[in-house]
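Structure, as structure tokens:
The values are calculated or read from the model by the stated rules, or taken from the named source; none is laboratory data. Keep in mind it's a predicted model, so treat the numbers as computed, not measured. Here Cβ is always computed from backbone atoms with ideal geometry, including for glycine, and neighbour counts include all displayed protein chains.
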């Protein structure tokens, strides 16, 4: 079952990202490569969410948007997070030159893909899909799982949110 939540502030987004980082840490094993799609229009907060997630994972340095570089990678000790923004990709085949196969073969790793539809046929299937939609001045976020591993993360997130509200 997906998780749906209304985000009414940047603080809400950062809190959700922090809780997602906890759920991710509890679920990622040394042999995993988790693929996470981020789907939303321009300016909806995809990279802002990734910054919050990385902060929750202990990353203390700057987090750059991969809009122009296409890939930004973060070494988190035992594993890596690769943040890709495919918006400026002219052709999906360009992902071969970016080393998408090498990134996907790395484990443990998390691959977060903005605009995954631009890489159709070259990006791996998602374990998790996060959608952000405008709701007046707010954002409606839906986190859905496509795999059992992804569902484990969603379930853990929902338990964390439930425990926090008690």
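Here the condition is being surrounded by 17 or more Cβ atoms within 10 Å (Cβ to Cβ), over 12 Å from the mean Cα position of the chain (by Cα) and at positive phi; of 70, 28, 7, it holds for 70 alone. If the condition is being buried (at least 17 other Cβ atoms within 10 Å of the Cβ) and either outside any loop (DSSP other than H, G, I, E, B) or out of contact with any helix residue (DSSP H, G or I) (no Cβ under 7 Å at 6 or more places or on another chain) (or both), then the range 49-58 contributes 49, 50, 51, 52, 53, 54, 56. Counting only strands (runs of 3 or more DSSP E) wholly contained in the range 85-166, the ones carrying 1 or more residues that are surrounded by fewer than 19 Cβ atoms within 10 Å (Cβ to Cβ) and modelled with pLDDT of 90 or more occupy 128-135, 138-145.
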